[in-house]
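Written out below as structure tokens is the structure these notes cover.
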Amino acid sequence: SNIDGLTGLGNRRYFEQRLKEEWSRATRKQWPISILFIDIDYFKRYNDHYGHLQGDDCLRRVAEAMHRAVKRDIDVAARYGGEEFIIMLPETDMNGAEKVARELQQAIRKMHIEHPGSNVEPFITLSIGIASHIPSFPEKAEELLHKADIALYQAKERGRNRIGKSANVGMQE
């Protein structure tokens, strides 16, 4: 199956398959491809406070917001693992990816899901790392994922509920 049973989003395997396809297409067409790595801030504390059933409900609600955030058929929203999600935006540059990330954060904010264990806000927030690149051979898609992961880590280090962006200066640094 390509669907995550809890959230209804694509699962990691589906995401990785689609990333390979879109990476190849972006390389051929010389179009940008963007990745958003998304983490629910202090989710372990949320689970500890409310329990896993309510934690699962929270994951489903975040997934619904992600599903609404991706507007095109070529976009992919997936559960990457635990409370980590990922969005792939083919044919989208950094500005477009940042717009989607801000819309997603705003949608989560409007849901106002209480989170007394958060050090950021008294409700659920998201940290998001963005990487965007126009690939060329022999670069690998995993490098873009790595850049998005680093950008997520930087967003969390700066206080969470933030968007971190990868420097778009090429894949090799």
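The values are calculated or read from the model by the stated rules, or taken from the named source; none is laboratory data. From a predicted model like this one, the values you see are computed outputs, not experimental measurements. Positions of Cβ are backbone-derived with ideal geometry, glycine not excepted, and every protein chain shown enters the neighbour counts. SASA here: full protein model, heavy atoms, side chains in, ligands and nucleic acids out. Shrake-Rupley method; radii C 1.70, N 1.55, O 1.52, S 1.80 Å.
Summary table
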{"read-out": "Interchain or long-range residues, amide H under 5 Å from residue 123's placed H", "value": "115"}
{"read-out": "Spatially near lysine pairs across region 21-173, Cα under 17 Å, sequence gap of 8 or more or different chains", "value": "8"}
{"read-out": "Surface accessible to a 1.4 Å probe, per residue, for the residues of region 1-123, Å²", "value": "51 Å²"}
{"read-out": "Whole-angstrom gap from region 15-84 to region 108-147, using each part's C-alpha centre", "value": "8 Å"}
{"read-out": "Integer Hz, Karplus 6.51/-1.76/1.60 couplings in order for region 59-71, x for Gly and Pro", "value": "4, 5, 5, 5, 4, 4, 5, 5, 4, 6, 6, 8, 9"}
{"read-out": "Trypsin sites (Lys or Arg not before Pro) restricted to region 41-104 and DSSP loop, no more than 16 other C-beta within 10 Å", "value": "71, 72"}
{"read-out": "Most positive-pole-ward Cα, 15, 96, 119, against dipole of the chain from beta carbon charges", "value": "96"}
{"read-out": "Relative contact order (%) - the chain, alpha-carbon pairs under 8 angstrom, separation at least six", "value": "28 percent"}
{"read-out": "Relative packing of peptides 123-129, 140-146 - highest average C-beta neighbours within 10 Å first", "value": "123-129, 140-146"}
{"read-out": "Simple label model, 7 Å out from Cα along Cβ direction - residue 24 to residue 140, nm", "value": "1.7 nm"}
